[in-house]
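Beneath this line is the structure, given in structure tokens, with notes to follow.
The values are calculated or read from the model by the stated rules, or taken from the named source; none is laboratory data. Note that the coordinates shown come from a computational prediction; the quantities given were computed from them, not determined experimentally. Positions of Cβ are backbone-derived with ideal geometry, glycine not excepted, and every protein chain shown enters the neighbour counts. Ligands, DNA and RNA are stripped out before the accessible areas are found, and what is left, the full protein with its side chains, is counted by its heavy atoms. Shrake-Rupley method; radii C 1.70, N 1.55, O 1.52, S 1.80 Å.
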Amino acid sequence: MSRKTLDLTLAYLRSLDRTASAHDVAALLRTVLDRYGVEHMLAGTIPDPGTPPGRQYGHALLDGMPTEWIRRYAMRGYLFRDATVRHMAFSQEPFAWTDIAARYKDDPISVRVMHEAGEFGIRAGVTIPLMTLDAKLAGASFSGRHMEVPPEDVGTLQLIATYAFAQLLLLQGTAAKAPIRLTSREREVLQWAADGKTAWEIGEILGISQKGVEHHLGTSRRKLGALNGVQAVATALRMGLIA
Amino acid sequence: MIHVVDAANISQYRHEMEEVWRLRHKVFVEEKGWTDLAKPDGREIDQFDTPEAVHLLVMEGGKVIGYSRLLPTTRPHLLSEVFPHLCEGDLPRGPRIWEWTRQAVAPAHRARGTSRLVTVRLMAGIVEWGMAHGVTSLVTMMPLMYLLPFLDTHFRAIPLGLPTVIDGERTIAVRAEFDTRTLKRLRAMRGDATPVLATPMVSEHAA
């Protein structure tokens, strides 16, 4: 059994070597982890407590969560109340969400986060705490409606997540080398977006129209290769184009 | 600076090697609880500390603050003798493959961030030593938790088996190749492109 599992893991590592973007890594993980019922995933470093919502997303290296859920999660400041995030401060061991939920039942917000996640099909999951070289807490979470990992496979899942994370760091390093130039207007607009301002609010602050703001967001999004505004802010933060 | 101690110069490092055995006892027996290695005299020396072993000593202010051991895989080593069950299939062996074990940092140098610096220096030392001696890869075992930082130093590590629980920790054996890219990465992490290995100066230790 285990020889076969090792061979599968090595085949996964060869595929991982050929990935060129976070999107590729997510697609590969979906294939490899399909057998556990994985539908959603998220990987990144854990922001320091108090990090404003607009900046929290910048810590994500891989976002495979429902967009609407991520938006609500950020807007309502769920990150630091989420039991699966809070638990990482106590344990470096992978854990199934069902095994830790009871410990946070006294925090109504924790309970609400879990309940609302369920409405987005995020009912069961496993979190793999990781540690970066500069001792920052990081992690990967895998979830779905009926996700389950047999205990004997947890080590392999941890191994798979570790290699995926290392590849995401490598890809991020490579991406940082291609210079991207934003205009000062684009930087300003993204900077305010990072602080959670809407296009209308940014327009008021900068004294330009909402349409103008949307235009600058659109051009910076294309330059950054981002699918949406949240991702554009995240990428710009990561690349140090905004602070 | 990192000093490389082997059969040719170990007699000049008597005092420093005493510190090494005690540091190893403190880290592996007293802290990690590997009681099999406990010694009444507090000097952790095992059957692999032969003249074939290469010791890397991080020295600061005349003290040993970090340590790693390299063993040739052409001779008995930990993975071949003690932990063969961590590897499926044949163990990679040969003159270009050495085993890295007993990675230790003195407690006083472990404050958040600084332990990493000593470790990064040791890894740079291993790569510098390896490149000078025609060594292209290491075999080693580590808690699974340490695999991500290890990969982040651009060692290309391939598992030799699936994670196995040893002393309550998921542990993995890997073969890890390295080259100039690894060295470049480690130097960038140190923020210093100068070599970490000291040129052995006999006069300094002759007394």
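A Gaussian network model of chain A, with springs between Cα atoms under 10 Å, assigns the largest mean-square fluctuation among A:23, A:40, A:87 to A:23. The portion of the accessible surface of the protein assembly as shown made up by carbon and sulfur, rounded to a whole percent, is 55 (1.4 Å probe; DNA, RNA and ligands excluded).
Other protein chain C-beta atoms within 10 Å of residue C-beta, averaged over B:80-91: 1.
Equivalent ellipsoid of segment A:184-238: semi-axes from √(5λ) of the C-alpha gyration tensor, largest first, are 17, 11, 9 Å.
Taking amide H as placed 1.01 Å from N in the peptide plane, residue B:60 has its amide H under 5 Å from the amide H of B:65, each at least 5 places away in sequence or on another chain. Rounded to the nearest 20 debye, the dipole size of the protein assembly as shown about its Cα centre is 1240 debye, using +1 on the Cβ of Lys and Arg and -1 on the Cβ of Asp and Glu. Diffusion of the protein assembly as shown by Stokes-Einstein, at 4 °C in a medium of 1.567 mPa s and with Rh set to the Kirkwood radius over alpha-carbon pairs, works out to 54 µm²/s. Annotation: amide H-H contacts under 5 Å for residue B:34 (H modelled 1.01 Å from N, sequence separation of 5 or more, or interchain): B:29. Distance between the pseudo-spin-label points of residue B:169 and residue A:222 (7 Å out from Cα toward the beta carbon): 5.2 nm.
Relative contact order for segment A:184-238: what is it in percent, counting Cα pairs under 8 Å that are at least 6 residues apart?
Numbers: 43 pairs, mean separation 18.3, N = 55.
The normalised contact order for segment A:184-238 reaches 33 percent.
Give the shape of chain A as rounded, prolate or oblate, defined through the alpha-carbon gyration tensor: a ≥ b ≥ c are the square roots of its eigenvalues, a/c under 1.5 means rounded, and otherwise the shape is prolate if a/b is larger than b/c and oblate if not. Taking the square roots of the gyration eigenvalues as a ≥ b ≥ c, chain A is oblate. Assuming a viscosity of 0.692 mPa s and a temperature of 37 °C, what translational diffusion coefficient in µm² per second does Stokes-Einstein assign to segment A:112-243, Rh being the Kirkwood radius over Cα pairs? Using the Kirkwood radius from Cα pairs, D works out to 188 µm²/s. In segment A:105-184, a dipole from Cβ-located charges (positive for Lys and Arg, negative for Asp and Glu) runs towards its positive end, and of A:150, A:168, A:113 it is A:168 whose Cα lies farthest in that direction. Each residue, residue B:108 and residue A:31, gets one label point 7 Å from its Cα in the Cβ direction; the gap between the two is 5.4 nm.
Straight Cα distances below 12 angstrom link residue A:4 to the aspartates and glutamates B:88, with same-chain residues fewer than 8 positions distant left out. Per-residue shielding of A:132-140, expressed as the average number of other chain Cβ atoms within 10 Å of the residue Cβ, stands at 3. Here the label points at residue A:17 and residue A:135, each 7 Å from Cα along the C-beta direction, are separated by 3.4 nm in the simple model.
Mean sequence separation of contacting Cα pairs (under 8 Å, at least six apart), scaled by the length of chain A, corresponds to a relative contact order of 22 percent.
When the Cα positions of B:51, B:23, B:150 are compared along the charge dipole of chain B, B:150 comes out farthest toward the positive end, with charges on each C-beta of Lys, Arg, Asp and Glu. FRET efficiency for the pair residue B:15 and residue B:180, taken as 1/(1 + (r/R0)^6) with r the Cβ-Cβ distance and R0 = 35 Å, rounds to 0.50. Give me the residues in segment A:151-167 whose solvent-accessible area, probe 1.4 Å, is reduced by at least 30 Å² once all protein chains are included instead of the chain isolated. The answer is A:155, A:158, A:159, A:162, A:163, A:166 - residues whose exposure falls by at least 30 Å² when every protein chain is included.
Dipole magnitude for chain A: computed about the Cα centre from +1 point charges on Lys and Arg Cβ and -1 point charges on Asp and Glu Cβ, it is near 580 debye. In a simple Cβ point-charge model (Lys, Arg +1; Asp, Glu -1; nothing else charged), segment A:145-240 has a dipole of about 560 debye relative to its Cα centre. Considering only A:164, A:20, A:83, the mean-square fluctuation computed in a Gaussian network model of chain A, springs between alpha carbons under 10 angstrom, is largest for A:20. Between chain B and chain A, roughly 2300 Å² of accessible surface gets buried, counting both sides and using a 1.4 Å probe. Taking a ≥ b ≥ c as the square roots of the Cα gyration tensor eigenvalues, chain B comes out rounded, since a/c falls below 1.5. Contact order for chain B, expressed relative to its length and based on alpha carbon pairs under 8 Å spaced 6+ residues apart, stands at 21 percent. Converting phi to 3J(HN,Hα) with the Karplus coefficients 6.51, -1.76 and 1.60 and the offset θ = phi - 60°, segment A:208-222 yields 10, 6, 4, 4, x, 4, 4, 4, 5, 4, x, 5, 5, 4, 5 Hz in sequence order, with x at every glycine or proline. How fast does segment B:1-122 diffuse by Stokes-Einstein, in µm²/s, taking the Kirkwood radius from C-alpha pairs at 25 °C and 0.890 mPa s? Calculated translational D: 161 µm²/s. For residue A:147, the accessible area of its heavy atoms, probed at 1.4 Å with every protein chain present, is near 20 square angstrom. Close amide H partners of residue B:103, meaning residues 5 or more places away or on another chain with modelled amide H under 5 Å apart, are B:69. For segment A:82-88, putting each phi into the Karplus relation 6.51 cos²θ - 1.76 cosθ + 1.60 with θ = phi - 60° gives couplings of 5, 4, 6, 7, 4, 5, 5 Hz, in residue order, rounded to whole numbers and with x for Gly and Pro. The phi-based Karplus calculation (6.51 cos²θ - 1.76 cosθ + 1.60; θ = phi - 60°) puts the 3J(HN,Hα) values of segment A:90-95 at 9, 9, 9, 8, x, 9 Hz, whole numbers, x for Gly and Pro. Result for chain A in a Gaussian network model with C-alpha springs under 10 Å: among A:39, A:204, A:186, the largest mean-square fluctuation is at A:204.
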